[in-house]
Amino acid sequence: MSTFLTADTHFGHPLMLTALNRPYSHVDEMDEAMISAWNAVVHPKDTVWHLGDFSMKHEQRRVSEIWHALNGRKHLIIGNHDVDKKGDLLPALSRLDWVSVSHFAEIKHDGQRIMLSHYAPYVWNQAHRGSYAAFGHSHGQVVGMPGTIDVGVDNQGLKPISVEEFIRQAEDSIINAQEVVNTISDRLIGLTDVWKERAKAIKQNRRRINEEEESSSSFRL
């Protein structure tokens, strides 16, 4: 029995075809292809940790059909698209027989500690002692810190990856740490203008609040 990691399948979500260029002509084709790709590597008694955003088609019957078509004993790490506006797990997902449902988990494989969350971490438990971290959410658009890997399907050939493959990729990110850090730095520099605009808006809002408070204080006097 093996362990696999995946995330961001977004079953039933047409936007994946255009925004992320998934190579399918329609969403049903995408769903069936990803089910087949999943089952080609995952066997019924294997364990799969899904790191969030399982589905965007929230009709119970269809979500259940997809879930039951997928091999493996499935755990869910909750993603932002798995909950309603109150933060509660969507009914279509809560009624499924997940082995576990949580916002965060920690597993070990042959002594290697691995942290699991939907979002890319900057720091994580036992990182200084060689632990790794798996995340999703980013659809291959974010370079994680050395020792972290985006296990989402858009970054992993549209299928789950084995925990052994995850560890190999995490090790490579450590070996190539300088290159990884340089890439992260370049991307952060590229966001400088965005942050400048946000800072400008924040300052304007603070100024407006201060002026309103001063005006209110003067009126009371």
Of the conditions (1) modelled with pLDDT of 90 or more; (2) hydrophobic (A, V, I, L, M, F, W, C); (3) over 30 Å from residue 34 (Cα atoms), the single one that residue 195 does not satisfy is (1)
Return the pair list, or none, for Cβ contacts closer than 7 Å from residues in the stretch 93-106 that are under 19 Å from residue 136 (Cα atoms) to residues that are charged (D, E, K, R) and surrounded by 15 or more Cβ atoms within 10 Å (Cβ to Cβ), at least 6 apart or on different chains. 93/82; 98/74; 106/113
Confirm whether residue 38 is out of contact with any strand residue (DSSP E or B) (no Cβ under 7 Å at 6 or more places or on another chain) and modelled with pLDDT of 95 or more. yes
Which of the residues belonging to the stretch 66-98 are more than 19 Å from the chain's Cα centre (by Cα) and β-branched (Val, Ile, Thr)? 66
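The values are calculated or read from the model by the stated rules, or taken from the named source; none is laboratory data. What you are looking at is a predicted structure, and each value in this text was computed from that prediction instead of being measured. As a convention, Cβ positions derive from the backbone with ideal geometry for all residues, glycine included, and neighbour counts pool all protein chains shown.
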